[in-house]
Every structure is written in C-alpha cells, then in structure tokens.
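Have a look at the structure below, then the notes.
All of the numbers you see were taken from the coordinates with simple rules; none came from a lab. Quantities reported herein were computed from a predicted structural model and do not represent experimental measurements. Here the Cβ positions follow ideal geometry from the backbone for every residue, glycine too, while neighbour counts run over all protein chains shown.
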Amino acid sequence: MPDPAAALAEAFRVASRGVLVGFLNRISPYYPTHGVPMPGLRGSLLRQARWFSVPSMYGLVRGTGVSCSVTMRSVLHGPACTWRESRLFDMLNGWISLSPFGAYVAMRMDFGRRMPVTPLMLRTGKAAVSRLAPGRQAATDGFSCRRKHGE
C-alpha cells in the first residue's frame with residue numbers, strides 16, 4: 001500500500017454505507033517487540049508492515065474530506081507473551097476496548113445517519129429466538145463461544 005490516503009479515499013468512493021479498516025497499532029506494547037524495523041531482521045513480515053497510530057488513522061480519515069461518524073475499538077492490550085488462554089491473561093487481553101493501545105485496531109466509518117440495529121437475540125431474549133426458529137440454538141449464550149464448546 002504505497003499511499004494509504006489514496007486507498008482510503010478509493011474505499012470511501014466505492015462504499016455505499018461505510019468502511020471498516022483494521023490496522024496494526026503503533027502505540028501498543030506489541031510494536032516495540034514485533035514492529036520496530038531492526039537491521040538484520042528484514043525477513044520479518046511484521047517489521048516490514050506499515051503500522052499506524054489511532055490519531056494518524058483519524059487524520060487520514062479526516063483528510064479525505066468525507067463526512068462520516070468514526071467508531072474505534074482495539075484488542076490485545078498486553079505484550080505478545082500474554083496472548084494465552086488463562087484467567088489472568090484474559091483480564092488483560094480478553095476484551096474489546098475503547099482504549100487506543102491494543103495491538104490491533106478496527107475503525108468503522110459510517111456514512112449517513114443510520115442508527116445501529118439491535119440484534120434480535122439482544123432485543124427479545126433467547127426464548128423468543130427459540131420460538132422463531134424451532135430446533136435451532138443461538139450461536140452463543142450471549143457472552144462467549146468458549147462456554148458453548150466446553151473450553
């Protein structure tokens with residue numbers, strides 16, 4: 001991606017409702033250990049990648065001149081050595097945050113004034129979903145896929 005601003009402007013041009021951009025976060029604990037270019041480590045794909053900070057991505061969005069609402073979330077807030085399955089590490093990395101310091105960030109740009117739609121399961125509860133589709137179970141019990149699969 002030689003020119004991220006041009007790529008974003010083109011995405012805005014062809015999108016009808018909005019754009020979702022995911023990026024590696026330059027201001028996360030993950031960047032110093034896996035993103036900083038170092039001599040002799042040119043083979044690493046992450047060290048060759050272009051990392052963005054949340055403020056720089058906001059700047060790219062505003063630089064396009066497109067009027068949109070922006071929503072941002074990030075994940076994996078600890079260093080990579082904490083990205084494991086355990087209760088302790090889940091408290092650090094097992095949630096989606098408004099904080100701009102997670103290793104991976106998703107930024108959603110919505111055009112227009114459409115209100116977000118509440119999923120049917122949240123609006124009516126699990127029992128109503130069962131009535132609508134007999135013999136089917138919801139994909140989750142509202143919180144975690146791990147619980148459904150016994151993990």
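Among 58-68, 82-92, sorting by the average number of other beta carbon atoms lying within 10 angstrom of each residue, highest first, gives 58-68, 82-92. Here, P(r) means the percent of Cα pairs in each 5 Å bin from 0 to the largest distance; for the stretch 4-116 it is 2, 11, 19, 18, 17, 14, 10, 6, 2, 0.
Across the stretch 4-116, the relative contact order, built from alpha-carbon pairs under 8 Å that are at least six residues apart, equals 38 percent.
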